[in-house]
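To start, the structure itself, in structure tokens.
The values are calculated or read from the model by the stated rules, or taken from the named source; none is laboratory data. Quick caveat, the model's predicted, so the values are computed rather than measured. Glycine gets a Cβ as well: all are built from the backbone with ideal geometry, and neighbour counts include every protein chain shown. For accessibility, only protein heavy atoms count, side chains too; no ligands or nucleic acids. Shrake-Rupley method; radii C 1.70, N 1.55, O 1.52, S 1.80 Å.
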Amino acid sequence: MADVEERIRAVLAAHARMPGGVEALDDTADLYAAGMTSHASVNVMLAIEDEFDVEFPERLLRKDTFASVSAIRIALEELLGA
Amino acid sequence: MTGAGELVGEVAAELAHAAATAVGGLEAPSGVVCRAGVDVVAIDEVAGSLATFGDRYARRLFTEGEREDSRWPSAGTSAAEGLAARFAAKEAVVKVLAPDGWAPPWTDIAVRRLPSGQCELEVSGSAAVLATAAGIRSWAVSLTHHGGVAAAVIVAVCDAPPATGEGGTGGWTDDERRGPDG
């Protein structure tokens, strides 16, 4: 899943608007604590959908789904059937 | 919360006025308390999202009525002012409901503009379930935007918590007495 995590990080770099960027964060770091707002997380969700050609169902539209690189990867694994 | 650092001068004054307007519109009979939520959103962030994701963004966050009230899509990214204020309202409602890390779907919380120009809040689905569980009887909402920032103030009239005896805290923690603020 290394490639998946790189693509997630690219989406975060483009849309999460975190003041310190995503490069220095480890996979389990709290993105909200790093400055990602709820509104930015919506952009991240939509960009992840575009990047991976998936659609997040309502049950996954939770704050914790987008709380870290690892959490996004786990949700994607479910959607992609990995 | 977005753009709080830009909330200065006149915008802060308007926000205070909005709060006063919202509270002034409520009746507060005995046995009830008020809870307030506030949030601000940078309008250019919403305009950017509309430009990048278009109708898919608008439909995931806003009800048909909210989109109509904000003139999306007919007004293009100029609809961002109204939509940003409505997003701030949704966030402010979540602060009032404080669902412990979980948030109801965005479209379960909606602001509608009345013919008078005033706004009212509509909650449905899981947001309505949370509101009922919190003892919320009614809502008041006030929106404003200025200087690139949209803001919303929400006030909820709730059933007062049960008293726990003389000199007690009314059953609330310190955080609950202060209300949700962040």
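Below, the figures for the structure above:
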| item | result |
| --- | --- |
| Meets criteria (surrounded by 13 or more Cβ atoms within 10 Å (Cβ to Cβ), part of a helix (DSSP H, G or I) and either away from chain B (no Cβ under 13 Å) or of a type in the set (Lys, Arg) (or both)) for A:Arg73 | yes |
| Number of the exception - B:Trp102 against (1) open to solvent by 50 Å² or more (accessible area, probe 1.4 Å); (2) modelled with pLDDT of 95 or more; (3) at the interface with another protein chain (Cβ under 10 Å from one of its Cβ atoms); (4) farther than 20 Å from A:Ile48 by Cα | (2) |
| Residue that is modelled with the lowest pLDDT [pool: residues in the stretch B:128-179 that are β-branched (Val, Ile, Thr) and exposed (fewer than 12 other Cβ atoms within 10 Å of the Cβ)] | B:Thr173 |
| Residue count for the stretch B:56-81, restricted to those that are free of Cβ contacts under 8 Å to residues at least 40 places away in the same chain and open to solvent by less than 60 Å² (accessible area, probe 1.4 Å) | 9 |
| Residue selected from the stretch A:20-56 under the condition open to solvent by less than 40 Å² (accessible area, probe 1.4 Å), assigned to a loop (DSSP other than H, G, I, E, B) and within 11 Å of another protein chain (Cβ to nearest Cβ), by the criterion nearest to B:Asp108 (Cα to Cα) | A:Phe56 |
